[in-house]
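As structure tokens, the structure follows; a few thoughts come after it.
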Amino acid sequence: MALLRTASISAQRVYLIDASVYIFRAWFSLPPDLVDPYGQPTHALYGFARFLSDLLERRRPSHVAVAFDTSHGRSFRNGLYPAYKANREPAPPDLVRQFALCREYCRHLGVAEFADDRYEADDLIGTLAALCRAADWPVTVVSRDKDLAQLIGPHDVFWDYSESAEYRYEEIAARFGVPPERMADYLALRGDSVDNVPGVPGVGPKTAAVLMGHCESLEALFEQLDTVARLPLRGAAALPARLLEHRSAAYLARSLTRIVCDVPLAACHADLQRRDPDLGSIRDFCEAQGFGNLLRRQAERLSLTAQF
């Protein structure tokens, strides 16, 4: 795996974008009667394209990457726990088609995009963040998914774009309940209904946060079970026995909630550098989708203002 290299902390920040959040947001919020000349829905594509173009205009990043989910039940996590995300309905064909078009639009716009059938977008972002951190490049993770908060380190930012809220490393605990280093363990204890991760029965967000405030990891927690009964929690006396009973389940859950940061992803600094938009391809793409001039004009402005 190639490493990004630079001499010191760079003023140039790398933006790592969780595509699914913004594609699904557009799918559910924009009118489905936005269609291409053949009557196929394009509202998720249009919403994502507007989001990405607006972000590039606002921040004009020199380095940016967008991560997509294409595993859909084939993730390595499904091998560990077949019920992982089994509570989710399969994406309808119209949405799957628009996901592919969103990836295509990134390429026309000059933005690097990544996907993998075995690893999820979180893992791709985690791997890119690790590469950047090793080279002293700060990152901004663009998402509203709490799972990705575990990637934030000093100099990094978690940007909930939809809420116009940015959280630095020292602000993560106040926002999500625990600091980044303890997020995977916290989620393993409380469970995550969105991903169908069960957690430890009877341990909710408040209890998990207190436990992770008391101990720095699952390993430390199980080494110090005798101190848990004295914590200021309702039902604390019964917690050690419950935790011990579900110890294996907690460790399994953490293998699901912990983001992989060493995906065999060939990436180097040049791959993340934003390129000039291909205005001809964007014109043809927008015409094929039945879009007006707004995205084309944005691309022209991005081309004129690109500074690499």
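The values are calculated or read from the model by the stated rules, or taken from the named source; none is laboratory data. All values reported here derive from a predicted model rather than from experimental measurement. Cβ sites come from the backbone with ideal geometry, for glycine too, and all protein chains shown count toward neighbours. Surface accessibility is based on the protein's heavy atoms, side chains included, excluding ligands, DNA and RNA. Shrake-Rupley method; radii C 1.70, N 1.55, O 1.52, S 1.80 Å.
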Legend entry - Mean Cα-pair separation over length for region 160-308, i.e. relative contact order, pairs under 8 Å, 6 or more apart, %: 18 percent
Inset, instruction - Sort all Cα-Cα distances of region 198-280 into consecutive 5 angstrom bins from zero, then give the percent of pairs in each bin up to the one containing the longest distance. - result: 3, 12, 20, 20, 8, 6, 5, 7, 6, 6, 4, 3, 1, 0
Legend entry - Cα pair distances in region 1-155, grouped into 5 Å bins until the bin that holds the longest one, percent each: 2, 8, 17, 20, 20, 15, 10, 5, 2, 1, 0
Inset, instruction - Provide Rg and Dmax in Å for region 101-140, with only Cα atoms included in the calculation. - result: 11.8, 33
Inset, instruction - Using 0.36 nm per residue of separation minus the Cα-Cα distance, give me the extension gain between ALA229 and ASP284 in nm, one decimal. - result: 13.3 nm
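About the Cα centre of the chain, what is the dipole size in debye to 20, counting +1 per Lys and Arg Cβ and -1 per Asp and Glu Cβ, all else neutral? Mind dumping the intermediate values first?
On the way: 35 positive and 40 negative charges, 70 e Å.
Dipole of the chain, to the nearest 20 debye: 340 debye.
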Legend entry - Fraction of alpha-carbon pairs over 24 Å apart in region 105-197 - percent: 23 percent
Legend entry - Prolate/oblate/rounded label for region 72-231 (Cα gyration tensor, a/c 1.5): oblate
Inset, instruction - Let me have the 222 nm mean residue ellipticity of the chain computed from DSSP H runs of 4+ only, each contributing -39500 (n - 2.57), with the sum over all residues rounded to the nearest 500. - result: -13500 deg cm²/dmol
Inset, instruction - For region 20-97, run through the chymotrypsin sites (Phe, Trp or Tyr not before Pro) and keep only the ones in DSSP coil with at most 14 other Cβ atoms within 10 Å of their Cβ. - result: TYR38
Legend entry - Under the Karplus curve 6.51 cos²θ - 1.76 cosθ + 1.60, θ = phi - 60°, whole-Hz ³J(HN,Hα) for region 54-62, x wherever Gly or Pro sits: 5, 4, 5, 5, 5, 9, 6, x, 7
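Once you have a ≥ b ≥ c as the square roots of the Cα gyration tensor eigenvalues for the chain, tell me rounded if a/c is under 1.5, and otherwise prolate or oblate according to whether a/b is larger than b/c.
Prolate.
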Legend entry - Total charge dipole magnitude, region 230-308, about the Cα centre, Cβ charges on Lys, Arg, Asp, Glu only, Debye to nearest 20: 680 debye
Legend entry - Relative contact order %, region 45-114, counting alpha carbon pairs below 8 Å whose residues are six or more apart: 55 percent
Legend entry - Cut-off under 5 Å, modelled amide H: who pairs with ARG13 long-range: SER62
Inset, instruction - For ARG242, ARG230, give the ranking by accessible area with the largest first, probe 1.4 Å. - result: ARG230, ARG242
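Kirkwood-based Rg over Rh for region 20-89 (C-alpha set), two decimals?
Values: Rg = 15.8 Å, Rh = 14.6 Å.
That ratio is 1.09, to two decimals.
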Inset, instruction - Return the FRET efficiency for the residue pair ALA220, LEU244: r is the Cβ-Cβ distance, R0 is 22 Å, and the value is rounded to the nearest 0.05. - result: 0.90
Legend entry - Rounded to the nearest 20 debye, dipole of region 129-277 from Cβ charges on Lys, Arg, Asp, Glu: 460 debye
Inset, instruction - Find which of ASN87, ALA134, GLY202 sits farthest along the positive direction of the dipole of the chain, computed with +1 on the beta-carbon of Lys and Arg, -1 on that of Asp and Glu, about the Cα centre. - result: GLY202
